[in-house]
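Engineer: Here it is, the structure in full.
What follows is calculated from the coordinates using simple rules that are stated; it is not laboratory data. Since the structure is predicted, the reported quantities are computational estimates derived from the model, not experimental observations. Cβ atoms come from the backbone with ideal geometry, glycine included; neighbour counts cover every protein chain shown.
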Amino acid sequence: MTTTFRLTGIPGGAVDLQKREIDFRLQLDNGGELAFIAGLSAAEQIASALGRMTQQLRQSKPQNVIAEQVAEYAVQRDPHGGPVLLRLVTPQGIPYTFALPLAAATDIVTRLQIESAKVHPSGNA
C-alpha cells in the first residue's frame, strides 16, 4: 500500500561527487522530513518529470505561488561580455545561479523598479 505525503518544500541537500548521488530532504506539512539519496539517473528523471508536471499546472491568470526567500544575492556581468550572472541564495544556504541575456537582465531591472514603486494600501480589517 502506498503512503501519500503532502510536501511543503526542500529544506536542504548535498551532492556526493564521488558516488554521483544527491542526498536531499523533503519537508512535510506536519513539520516532519523525509530523507532521500538518488543516483544521477534517478535525480535527472525526478527533476525532468516534476518540471513537465509543473508546466501543466501553470496558468496565465494570477495565482498564489510558493517562493523561496532570498538571504543573499549577487549580480555580475560575465567578464567576457556574455550574460549577466544572477546568484540567489536561500536562508538555508541553497544557491540558485542564472545566466541572463543582457536584454532580459535590463527588462528585469525595469520590471523590478515598476513593481517596487507600486503602492498597495493596507485594508481595514
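Engineer: Exactly one of (1) out of contact with any Leu (no Cβ under 6 Å at 6 or more places or on another chain); (2) exposed (fewer than 12 other Cβ atoms within 10 Å of the Cβ); (3) within 22 Å of residue 96 (Cβ to Cβ) is unmet by residue 29. Its number?
Structural biologist: It is condition (3) that residue 29 fails.
Engineer: Considering only residues that are outside any helix (DSSP H, G or I) and free of Cβ contacts under 8 Å to residues at least 12 places away in the same chain, look in the stretch 32-59 and name the one that is surrounded by the fewest Cβ atoms within 10 Å (Cβ to Cβ).
Structural biologist: In this case the residue turns out to be 59.
Engineer: Can you report the number of residues in the stretch 68-105 which are among the hydroxyl-bearing types (Ser, Thr, Tyr) and surrounded by 12 or more Cβ atoms within 10 Å (Cβ to Cβ)?
Structural biologist: Going through the stretch 68-105 one residue at a time, the tally reaches 2.
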